[in-house]
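Bear in mind these aren't lab numbers, they're just calculated from the coordinates by the rules spelled out. The structure presented is a predicted model; accordingly, all values stated were derived computationally and were not measured. All Cβ positions, even for glycine, are placed from backbone atoms using ideal geometry, and neighbour counts span all protein chains on display.
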Ligand SMILES: Nc1ncnc2c1ncn2[C@@H]1O[C@H](COP(=O)(O)OP(=O)(O)O)[C@@H](O)[C@H]1O
Ligand SMILES: [Mg+2]
């Protein structure tokens, strides 16, 4: 029982999906979840769970050409962004990210580190580290707004 309170170890994709589902069930309008981790860490897998937790039957994918995919058939709209291919700050302005980030849906962002200044300070951060094979360590932190989520996830 030496695990730090805001960290969860996932032993496989299904477990990461289930963690995402819990996050999706707890999400509130206007929430912003930033997902940080290398390619293949499981950001999209987590997002698929989040989408299911919102009650949508859609499957989230890593978008190749679009940077924002809207899923509108859940309890809240999910705006799934992937900034992996972002090139310049102009791209960001053109995307109109703020309409999503300050809207009434849930924004889930892969590769937010590509544009660190583009996001509200009030956000939940999920950092996914590859430990070995299919083991991942998820570290979840957030501003006060997200205390209820951390409380539910870690029951402190
Ligand atoms: N514990 C785990 N959690 C999430 N994905 C895992 C895990 N173990 C293995 N994987 C595999 O790693 C890949 C993660 O892919 P993906 O979610 O698209 O990553 P990312 O979006 O971070 O690039 C998938 O092929 C998945 O099956
Ligand atoms: Mg991805």
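Could you check the simple spin-label distance between residue 6 and residue 38, using points 7 Å along Cα→Cβ, in nm with one decimal?
2.3
What is the chain's relative contact order, in percent, from Cα pairs under 8 angstrom and six or more apart in sequence?
Once divided by the residue count of the chain, the mean separation gives 31 percent.
Distance from the Cα centre of segment 29-62 to that of segment 117-131, in angstrom?
13
So what's the convex hull volume per residue for the Cα atoms of segment 12-90, in Å³?
For segment 12-90, the hull spanned by Cα atoms encloses 100 Å³ per residue.
Compute the helix-to-body angle for 43-53: its Cα long axis versus the longest principal axis of the chain, expressed 0 to 90° and rounded to tens.
Compared with the principal axis, the helix lies near 80 degrees.
Give me 84, 100, 146 ranked fewest to most by other Cβ atoms within 10 Å of their Cβ, as a rough exposure proxy.
84, 100, 146
What are the equivalent ellipsoid semi-axes of the chain, built from the alpha-carbon gyration tensor (square roots of five times its eigenvalues), in whole angstrom, biggest first?
23, 17, 16
With each label point set 7 Å from Cα along the Cα-Cβ vector, what nm distance links residue 102 and residue 129?
3.5
So how much slack lies between residue 152 and residue 65, counting 0.36 nm per residue of separation and subtracting their Cα-Cα distance, in nm?
27.8 nm
In the Gaussian network model of the chain, springs joining C-alpha atoms below 10 Å, which of 57, 125, 15 carries the largest mean-square fluctuation?
So, out of 57, 125, 15, the one fluctuating most is 57.
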